[in-house]
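The values are calculated or read from the model by the stated rules, or taken from the named source; none is laboratory data. Just so it is clear, the model here is predicted, and its values are computed rather than measured. We place every Cβ from the backbone using ideal geometry, glycine too, and count neighbours over all the protein chains shown.
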Amino acid sequence: MTDSVVQLKCGVKQDPWGKQGQESLAGQLWAKTAGSTGVSNDEMYSEMWMGTYPTVPSHILRTGESLENYLKRKPDLIGRSVKEKFADSIPFLPKVLSFAKALPLQVHPNKRLAEDLNLKDPDTFGDTNHKPEIAVALSEFELFAGFKPLADIEALMKLKPLSQFVPANASLDDELLRQITKKFLQLPPEAVRDLVTQLHSLPKAEFGAKHEYVPDLLERVSKQYSESDNGALVAVLLMNYMVLQPGEAVCVPADSIHAYLKGDILECMARSDNVLATGFCPRADRNNVELFAKTLSFKPHNIDQAQLGRKKSERGEKQKTYEYAPPFSEFNVLATILDAGDEERHRAIGGPSIAIVTKGSAELVIEGKEKLQAHEGSVWFVGAGVPLEILSKEGTEVYRAYAE
Ligand SMILES: [Zn+2]
């Protein structure tokens, strides 16, 4: 039996912003791995984590051993180049997320800030690493990512209730945008509530065709936590609002502002769990607004910059594989989409990878010999240097995150 391709048993999180029972793709996929007890329709399921991160670690399904420990015993499965660059661990963390309301408005600190925060407050910031991330839509996916173009924000800030936030005769630049973000986040609850009400009562035409969605969306998201959630002002008025279809993706570099609103996604990030959150969460859970504002970067600054395209990957010998290649070195993600009876062959990858079947079922053939049965929800660790054949039995989708 090969030890380079092993099926994993993953953990699931149950945050209150998740989706309920069968509605949650994260819950459904998690429950289909043999050994788990199934989803309960009374419970929320938010995130299935795949990999070696210690708070929600994966285990080898067959033996129950932690993947972390397994790789310590078999370091060759990591591959030399990844070992040299990232030591003996998988440098990325894939997750499936399902959410019915906004996730916290957040940034993930860059490496320098992460080291600093970890030194000062290791309980809140457990990692010294940065956490750039990508999110691939598995269903329709609504989100906010990065800031709108300055010209768009400038136009919105001319609306009567908002003009008080821009100094007279000032022209908008990123530093002023940072100040406006900070002011929105520091408003007391009554002021947030007033502003939302005033904006919602303006005639839609005043927002202009491009921003007609603003008053209704503002009302919708401001009610998800409380009518006085400061995150709603920042997200709806200042950030890019996007609706992605399955297969489309977004790229969130370190220090980049984002808030995911609704959908099911495959997320992949550098191995870290650091987050600064200032909205769409209970007030008590908010981090320091000063620090949040200081950390903000202004990339992306429009929808095109925020989107991450995919292209046919040379990894797939039969051209049935796409690749998402973000501009950071910790990981890329492959997506293999097959009809019933189709097959694909992934060339060997020089580093570790984690694959999940999000749809259908398939036979995995390892080095032309061993055959493994994969089905919707099954998750596999694939070691460095192993070619992998995927023979689809029905319409099958496999996502595979890897480092090299
Ligand atoms: Zn994030």
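Things worth noting here:
- The residue that is farthest from the ligand (Cβ to nearest atom), among those in segment 78-106 that are closer than 28 Å to Leu276 by Cα and charged (D, E, K, R), is Asp88.
- Matching residues, segment 111-125, being in contact with a Pro (Cβ under 9 Å, 6 or more places away or on another chain) and within 16 Å of the ligand (Cβ to nearest atom): Leu117, Phe125
- Check on Val333, among the β-branched types (Val, Ile, Thr), more than 15 Å from the ligand (Cβ to nearest atom) and surrounded by 21 or more Cβ atoms within 10 Å (Cβ to Cβ): yes
- Those strands (runs of 3 or more DSSP E) lying entirely in segment 226-287 with at least 3 residues more than 15 Å from the ligand (Cβ to nearest atom) and either under 26 Å from Leu150 (Cα atoms) or at pLDDT below 95 (or both): 239-244
- Only listed residue being buried (at least 18 other Cβ atoms within 10 Å of the Cβ) and more than 16 Å from the ligand (Cβ to nearest atom), chosen from Thr37, Thr52, Thr63: Thr52
- Residue in segment 129-145 that is touching a residue at least 60 places away in the same chain (Cβ under 8 Å), surrounded by fewer than 23 Cβ atoms within 10 Å (Cβ to Cβ) and within 15 Å of Val236 (Cα to Cα) present: yes
- Filtered by the rule that a residue be loosely packed, with under 14 Cβ neighbours inside 10 Å and basic (Lys, Arg), segment 303-317 gives Lys311, Lys312.
- Unique match (being farther than 24 Å from Phe144 by Cα, in contact with an Asp or Glu (Cβ under 8 Å, 6 or more places away or on another chain) and either β-branched (Val, Ile, Thr) or modelled with pLDDT under 95 (or both)) among Val365, Val379: Val365
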